[in-house]
Amino acid sequence: MRAISYTRATDVGDAVAAVTGDPGSSFLAGGTTEVDLLRLDVLRPHRLVDINRLPLAGIENRSDGGLVIGALARMSEVAEARAVVERFPMLSQALLLGASAQLRNMASMGGNLMQRVRCGYYRDTESACNKRVPGSGCSALEGVHRGHAILGTSEHCIATHPSDAAVALVALDAVVHVEGTHGSRGIPIDDFFLLPGDTPEREHPLTPGELITAIEVPPAPVARGSCYLKVRDRESYEFALASAAAALALEDGVIREVRLALGGVATKPWRARVAEGALVGQRADADVFARAAGAELAPAVTRPMNAFKAELARRTLVRALLTVAAQGGGTA
C-alpha cells in the first residue's frame, strides 16, 4: 500500500503553488477518473491537492451571448443551465450523454477536459503503453483496437479521447483559461488537446502546476441550431464509437455557417474543418453532406478491428447534419 497525503486548497494561488512546488502532487476535483486510476496504480501521486472549495463553480452569462463556465461547475449543472440549453444545445446534449446522472453530479467541467484515455492497455500496468511509460511501445497497435482512433494517430499511440463535452466545446471555439505561477492565460480549446505524435504522454500544453479555472464559450448564434449525436454499443453510458457535434445556419436552404466536430474516432476531439469548408455555400441536402463527410474521413488510418469506424463516422456526421437541417438551423 502506498501512502498518499491530502491537503485542501483555500484559494487558487495556494493550489497552484502547492502542485508547482511539488511535482509529485496532483489536483483533485470530482475524482471520477483520477480515483479509478489511483486504484489501478496507473497514476502514482504522493499528494492530492483538493480544489473543490475554490470559487470556480459559477456559470456566468455574458452580455454578448457567450458564457464563462467555472472549472468546478458540475456537468449536471451545466447541462441543465437555461443558457446552455437555449444557446448551445449541442453542449447540453453532449454532457447528458457523457455519463450517468450520479457521475454528472460529481464530475467537474475542468476535470472532464483533463480525463485520461480509456484505452485498456493504458489502464493495464502490465501492458506496453507510451502514454503511461514513454518509449515502452503501444500494445494496441497489434492488440485489441476496435474502439481506437482512426484520425490523428501516430505509430506511438492510437487511443481515442473519451470526452463528449470536449467535442461540442471544440465545435464552439471555446477557450480554456488556466492559472499558473506566471499568471493566467487563455488557450484555444483546439490547441489545448495535443496530437500524440512522438510524445503521446503529453496531452496538453500545460506547464507543471497550471490549473484550469474556467471555460469560455464565445457567442455563436449558429449554435442555437445544433445537436450532438453519439453512436455506441449500448445506450447505458458507454463511450462513443463515433459522435458528431453539428451546427448549421441556413438561408433559403443554403449553408451560410457550419460548425462540426467528431468524437470517438480521433486521438483528440476532432474539429472537422475539411467538411466545414466543403459545406459553406452549398445546398443543405444528404448528398452534399455525404460528400463533405467523406472528404473529412478520407485521411483515416484504419486497422483490422476498427476499419468500420470510417463509415460509421461518416454516417454519424451526415445524420447529425440532417437532424439540424430538419430543425431549420441557427442564425449566421
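In the range 246-272, which residues are closer than 30 Å to Tyr122 by Cβ and in a strand (DSSP E or B)?
Step one: of the range 246-272, the residues closer than 30 Å to Tyr122 by Cβ are 246, 260-272.
Scanning the range 246-272 gives Ala246, Leu260, Ala261, Leu262, Gly263, Ala266, Trp270, Arg271.
Do we find that Val85 is surrounded by fewer than 19 Cβ atoms within 10 Å (Cβ to Cβ) and more than 30 Å from Arg303 (Cβ to Cβ) in this structure?
Numbers: surrounded by fewer than 19 Cβ atoms within 10 Å (Cβ to Cβ): yes; more than 30 Å from Arg303 (Cβ to Cβ): yes.
Yes; evaluated as a whole, the condition is true for this residue.
Could you look through the range 188-197, keep only residues that are open to solvent by less than 10 Å² (accessible area, probe 1.4 Å) and out of contact with any helix residue (DSSP H, G or I) (no Cβ under 6 Å at 6 or more places or on another chain), and pick out the one that is farthest from Ala214 (Cα to Cα)? So that I can check it myself, show each step before the final result.
Taking the range 188-197 as the starting set, the residues that turn out to be open to solvent by less than 10 Å² (accessible area, probe 1.4 Å) are 189, 192-193, 196.
Cutting the leftovers down to out of contact with any helix residue (DSSP H, G or I) (no Cβ under 6 Å at 6 or more places or on another chain) gives us 192-193, 196.
On the way: Phe192: 13, Phe193: 16, Pro196: 25 Å.
Among those that are open to solvent by less than 10 Å² (accessible area, probe 1.4 Å) and out of contact with any helix residue (DSSP H, G or I) (no Cβ under 6 Å at 6 or more places or on another chain), it is Pro196.
Which of the following residues is open to solvent by 10 Å² or more (accessible area, probe 1.4 Å), touching a strand residue (DSSP E or B) at 6+ places or on another chain (Cβ under 7 Å), under 25 Å from Pro299 (Cβ atoms) and of a type in the set (Ser, Thr, Tyr): Thr160, Thr207?
Working: Thr207 fails: under 25 Å from Pro299 (Cβ atoms).
After applying the criteria, what remains is Thr160.
Of a type in the set (A, V, I, L, M, F, W, C), closer than 22 Å to Gly180 by Cα and either modelled with pLDDT of 95 or more or under 24 Å from the mean Cα position of the chain (by Cα) (or both): is that true of Leu40 in this structure?
Values: of a type in the set (A, V, I, L, M, F, W, C): yes; closer than 22 Å to Gly180 by Cα: no; either modelled with pLDDT of 95 or more or under 24 Å from the mean Cα position of the chain (by Cα) (or both): yes.
Taking the combined requirement at face value, the residue does not satisfy it.
From the list Leu91, Leu72, which residue is buried (at least 20 other Cβ atoms within 10 Å of the Cβ) and touching a helix residue (DSSP H, G or I) at 6+ places or on another chain (Cβ under 6 Å)? It would help to see each step written out before you state the result.
Working: Leu72 fails: touching a helix residue (DSSP H, G or I) at 6+ places or on another chain (Cβ under 6 Å).
Within the list Leu91, Leu72, the selection yields Leu91.
So, in the range 6-33, exactly how many residues are in a loop (DSSP other than H, G, I, E, B) and open to solvent by 40 Å² or more (accessible area, probe 1.4 Å)? Outline the logic, then answer.
Initial filter on the range 6-33 (in a loop (DSSP other than H, G, I, E, B)): 9-11, 21-24, 29-33.
If we keep only those that are open to solvent by 40 Å² or more (accessible area, probe 1.4 Å) too, we end up with 10-11, 21, 23, 32.
Residues that pass the stated criteria total 5.
From the residues in the range 159-214 that are free of Cβ contacts under 8 Å to residues at least 60 places away in the same chain and small (Gly, Ala, Ser), which one is farthest from Ala249 (Cα to Cα)?
Gly183
Looking only at residues in the range 170-187 that are over 13 Å from the mean Cα position of the chain (by Cα) and open to solvent by 50 Å² or more (accessible area, probe 1.4 Å), which one is nearest to Ile69 (Cα to Cα)? Step through it out loud before you land on a result.
To start, the set of residues in the range 170-187 that are over 13 Å from the mean Cα position of the chain (by Cα) comprises 177-187.
Cutting the leftovers down to open to solvent by 50 Å² or more (accessible area, probe 1.4 Å) gives us 177, 179, 181-182, 184-185.
Working: His177: 10, Glu179: 15, Thr181: 22, His182: 22, Ser184: 16, Arg185: 15 Å.
Checked the range 170-187; the qualifying residue nearest to Ile69 (Cα to Cα) is His177.
What is the number of the single condition among (1) within 20 Å of Arg87 (Cα to Cα); (2) of a type outside the set (Asp, Glu); (3) without any contact (Cβ under 8 Å) to a residue 60 or more places away in the chain that Ala249 does not meet?
(3)
Filter the range 308-332 for residues that are over 16 Å from Lys230 (Cα atoms) and either open to solvent by less than 50 Å² (accessible area, probe 1.4 Å) or among the acidic types (Asp, Glu) (or both) and give the result. Full working, then the answer.
Applying the first criterion (over 16 Å from Lys230 (Cα atoms)) to the range 308-332 yields 325-332.
Ala325, Gly328, Gly329, Gly330 - these are the residues of the range 308-332 that are over 16 Å from Lys230 (Cα atoms) and either open to solvent by less than 50 Å² (accessible area, probe 1.4 Å) or among the acidic types (Asp, Glu) (or both).
Do any residues in the range 119-139 that are of a type in the set (Phe, Trp, Tyr) have Cβ atoms under 6 Å from those of residues that are assigned to a loop (DSSP other than H, G, I, E, B), where the two are at least six apart or on different chains, and which pairs are they?
Tyr121/Ser127; Tyr121/Cys129; Tyr122/Cys129; Tyr122/Lys131; Tyr122/Arg132
Show the residue pairs that are 6+ apart or on different chains and have beta-carbon atoms under 6 Å apart, the first residue being within the range 28-57 and in contact (Cβ under 8 Å) with a residue 60 or more places away in the chain, the second being of a type in the set (Phe, Trp, Tyr) and not in a helix (DSSP H, G or I).
If the second residue must be of a type in the set (Phe, Trp, Tyr) and not in a helix (DSSP H, G or I), the pairs left are Ile51/Phe27.
Kindly indicate whether Leu54 is open to solvent by less than 40 Å² (accessible area, probe 1.4 Å), out of contact with any Lys or Arg (no Cβ under 9 Å at 6 or more places or on another chain) and either within 30 Å of Met305 (Cα to Cα) or not in a helix (DSSP H, G or I) (or both).
yes
If a residue has to be under 15 Å from the mean Cα position of the chain (by Cα) and not in a loop (DSSP other than H, G, I, E, B) to count, how many in the range 215-245 make the cut?
10
Name the pairs whose Cβ atoms lie under 6 Å apart, with the first residue in the range 305-332 and over 24 Å from Val254 (Cα atoms) and part of a loop (DSSP other than H, G, I, E, B), the second open to solvent by 70 Å² or more (accessible area, probe 1.4 Å) and not hydrophobic (A, V, I, L, M, F, W, C), and 6 or more positions between them or separate chains?
Met305/Arg146; Asn306/Arg146
The values are calculated or read from the model by the stated rules, or taken from the named source; none is laboratory data. Note that this is a predicted model, so its numbers are computed, not measured. Ideal geometry is used to build each Cβ from the backbone, glycine not excepted, and the neighbour counts take in all protein chains shown. Just the protein is used for accessible areas: all its heavy atoms, side chains included, with ligands, DNA and RNA removed. Shrake-Rupley method; radii C 1.70, N 1.55, O 1.52, S 1.80 Å.
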